[in-house]
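Undergrad: My questions will all concern the structure given below.
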Amino acid sequence: MNITDYLIDPADKDWSRLLAPWVPPLPARFTVWLINRLGEVYLAAENGAVLRFEPGSGSCDAVAHSREHFAQMLDEGKTDHWLRVSLVDACRRAGLSLAPFECYGFRIPPTLGGRYEPANLMPTDLAVHYSYQAYLIQQKDIYWIPPA
């Protein structure tokens with residue numbers, strides 16, 4: 001497996017603009033390190049810790065105390081979950097391909113009961129993906145959310 005097959009190239013993208021609606025829960029200062037094909041971002045915090053930002057849920061959690069620790073955890077079996085390897089492979093088998101500024105975005109967001117499956121994913125512009133998910137997460141007037 002080539003890890004880059006499951007990552008979005010972070011070059012030539014204005015990450016401070018793309019992720020601006022997410023501060024907080026993102027820290028005020030960070031370095032974008034890795035981005036999986038679902039637009040989930042792995043950040044290096046100022047203290048060196050690796051944070052996983054998941055726009056589908058709006059969560060940002062520490063997953064490793066360093067980049068080296070993160071790489072070790074990938075080697076120990078976190079690859080499929082963190083890089084969504086099986087899901088990305090299923091999307092490719094379903095004929096979903098991404099352009100350079102796209103990720104697999106949700107037809108129905110997880111916050112509204114959407115599932116992490118190829119039928120609920122589609123190629124989505126990164127700016128649309130991050131801003132739309134941020135908008136949904138910030139809503140206070142969604143009265144019904146399906147059970148998980």
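Undergrad: What's the exposure ranking of V41, V50, V32, going from fewest to most Cβ atoms within 10 Å? All intermediate terms of the calculation are to be shown ahead of the outcome.
TA: Values: V41 26, V50 22, V32 16.
Sorted ascending by nearby Cβ count, the order is V32, V50, V41.
Undergrad: How do T111, T4, T124 line up, fewest other C-beta atoms within 10 Å first?
TA: T4, T111, T124
Undergrad: Considering the stretch 1-54, what Rg and Dmax in Å follow from its alpha-carbon atoms?
TA: Rg, Dmax (Cα atoms, Å): 11.2, 34.
Undergrad: Further question on the same structure: Under 10 Å, Cα contacts only: if you run a Gaussian network model on the chain, which one of I137, I108, I35 comes out with the highest mean-square fluctuation?
TA: I108
Undergrad: What is the diffusion coefficient of the stretch 3-137 in µm²/s, taking the Kirkwood radius over Cα pairs and the Stokes-Einstein relation at 4 °C with a viscosity of 1.567 mPa s?
TA: 86
Where a number appears in this text, it was derived from the coordinates with a stated rule and is not lab data. Quantities reported herein were computed from a predicted structural model and do not represent experimental measurements. All Cβ positions, glycine included, derive from the backbone under ideal geometry; neighbour counts span all protein chains shown.
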